[in-house]
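Worksheet for the structure shown next.
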Amino acid sequence: MGLALLYFTGIFVVTAYMGPVQLALNPLSPGGLSALLAGIGAAGLAGTLGGGWAADQLGPRRTIALLLSCLLVTMIAVPWTAGHLAWTAVAFAVWTVCGFGLMTPQQSRLAELAFTQAPLLLSLNASMVYIGTALGSAIGGAAIPVLGFERLAWLGAVFVAAALLTLAVNTAPPPRPRPR
């Protein structure tokens, strides 16, 4: 559960303020901002589909590790894309693919860890998503006066790194299925 809480907190430190963050990184017209946000949204759809596919191919744990690592690198890079709209768009597209891609493998991982408790675990996971969304928004809002919009991603990266660490220290293999 901590994994979902941490990565959603990290993502929403910035996502809750996506419009102002984009405008701080690159001056955009209202139409340009709308187009950029629509492209980022489309990347989310690709991430959702890709995360499920990757979990099927690589397994949930490896997929989560890959997506969190990619998300972390992208979050660290975001402030350096300022003034370079194409790089900002690429960074946020990758960010969104990774962020949206995490849900399916996380749910699969939880179901593998305790199949008989899967409905409860998936409900708790959804709660962590909502709590992380609220925490990230609050933490991001509190940090804006200190960091500015353009550097919020670095704060989010701290939470994503903690999520990656949580995955690394939780090395318990999934239980073997019982014979019927």
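List the pairs whose first member sits in region 102-116 and is within 15 Å of Met128 (Cα to Cα), whose second member is among the hydrophobic types (A, V, I, L, M, F, W, C) and open to solvent by 30 Å² or more (accessible area, probe 1.4 Å), and whose Cβ atoms are under 8 Å apart, counting only residues at least 6 apart or on separate chains?
Gln107/Leu122; Leu110/Leu121; Leu110/Leu122
Quick one: is Thr133 assigned to a helix (DSSP H, G or I), modelled with pLDDT under 95 and of a type in the set (S, T, N, Q)?
Against the criterion (assigned to a helix (DSSP H, G or I), modelled with pLDDT under 95 and of a type in the set (S, T, N, Q)), Thr133 does not qualify.
Tell me yes or no: at least one residue of region 19-29 is under 19 Å from Val160 (Cα atoms) and not small (Gly, Ala, Ser).
Yes, region 19-29 contains at least one residue that is under 19 Å from Val160 (Cα atoms) and not small (Gly, Ala, Ser).
For Ile64, are the conditions met, namely being out of contact with any Pro (no Cβ under 8 Å at 6 or more places or on another chain), assigned to a helix (DSSP H, G or I) and among the β-branched types (Val, Ile, Thr)?
no
Mind listing whichever residues of region 73-126 are surrounded by 15 or more Cβ atoms within 10 Å (Cβ to Cβ) and polar (S, T, N, Q)?
Passing the criteria: Thr74, Thr81, Thr88, Thr96, Thr104, Gln106, Gln107, Ser108, Asn125.
With more than 20 Å from Leu155 (Cα to Cα) and in a helix (DSSP H, G or I) as the only criterion, which of Ala93, Ala86, Ala77 stands out?
The unique qualifying residue is Ala86.
Check Ala162, Ala143 and return the single one that is closer than 19 Å to Ser69 by Cβ, at pLDDT 95 or above and surrounded by fewer than 21 Cβ atoms within 10 Å (Cβ to Cβ).
Ala162
Can you report the number of residues in region 17-32 which are open to solvent by less than 50 Å² (accessible area, probe 1.4 Å) and under 19 Å from the mean Cα position of the chain (by Cα)?
Here the count works out to 4.
What pairs can you find where one residue is in region 144-168 and outside any helix (DSSP H, G or I), the other is at pLDDT 95 or above and open to solvent by less than 50 Å² (accessible area, probe 1.4 Å), and their Cβ atoms are less than 8 Å apart, with a gap of 6+ or different chains?
Note: pairs meeting the criteria are Gly148/Ala24.
Step by step: first the residues of region 33-72, then only those that are open to solvent by less than 40 Å² (accessible area, probe 1.4 Å) and over 13 Å from Val97 (Cα atoms), then the one that is farthest from the chain's Cα centre (by Cα). Which residue is that?
Only one residue tops the list, namely Leu33.
The values are calculated or read from the model by the stated rules, or taken from the named source; none is laboratory data. Note that the structure is predicted; figures quoted are calculated from it, not measured. Virtual Cβ from ideal backbone geometry, glycine too; neighbours counted across all protein chains shown. Ligands, DNA and RNA are excluded from the accessible area calculation, which covers all protein heavy atoms including side chains. Shrake-Rupley method; radii C 1.70, N 1.55, O 1.52, S 1.80 Å.
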